[in-house]
1. Working only within region 38-92, note down all residues that are out of contact with any strand residue (DSSP E or B) (no Cβ under 9 Å at 6 or more places or on another chain) and of a type in the set (Asp, Glu).
2. Could you give every pair whose Cβ atoms fall below 7 Å, whose first residue belongs to region 44-60 and is over 20 Å from Ile19 (Cβ atoms) and assigned by TED's automatic domain parsing to the domain that holds Arg77, and whose second residue is charged (D, E, K, R) and not in a helix (DSSP H, G or I), counting only separations of at least 6 or pairs across chains?
3. Go through (1) in contact (Cβ under 8 Å) with a residue 24 or more places away in the chain; (2) hydroxyl-bearing (Ser, Thr, Tyr); (3) touching a Pro at 6+ places or on another chain (Cβ under 8 Å); (4) not in a loop (DSSP other than H, G, I, E, B) for Thr104 and report which single condition fails.
4. Note down all Cβ pairs under 9 Å where the first residue falls in region 79-99 and is over 11 Å from Leu56 (Cβ atoms), the second is of a type in the set (A, V, I, L, M, F, W, C) and assigned to a helix (DSSP H, G or I), and they're at least six residues apart or on different chains.
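The values are calculated or read from the model by the stated rules, or taken from the named source; none is laboratory data. Because the structure is predicted, anything quoted here is derived from the model rather than measured. So basically every Cβ, Gly included, is an ideal-geometry build from the backbone, and we count neighbours across all protein chains shown.
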Amino acid sequence: MDIRTSGPESEPRRTLNGISDVRAFFHTNTVPLYFISPTPFNLLGIDRWIRNFFYLTYFDSFEGEHPRVFVPRRRNRMDFDSMEDVCNYLLRDPSSTCATAKHTTTRRR
């Protein structure tokens, strides 16, 4: 697996050979990665393997106790037609934007 380590197109790719290389790559990851979904269950626990991994979810299954789950505050109940609608809501919500911005360095924006 070839993967770009960071930066512009001119930088070399790093070749990952096997699961130990993949694990080491993500364990030392410096780029914030977000799983955006109504709930975090599909990838629950992956934040132990991938450094800087966060969950941006609509439902707080952990009642605020999980340090890597962000749920935007909302005043009104909203009904959605699909998971895509939920994800779009999460991406547009101003508090979500602020939460993701605090994990993103100026260089990466």
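1. Glu63, Glu65, Asp79, Asp81, Glu84, Asp85
2. What qualifies is Phe54/Arg68; Tyr55/Arg68.
3. So the condition that Thr104 fails would be (4).
4. What qualifies is Phe80/Val86.
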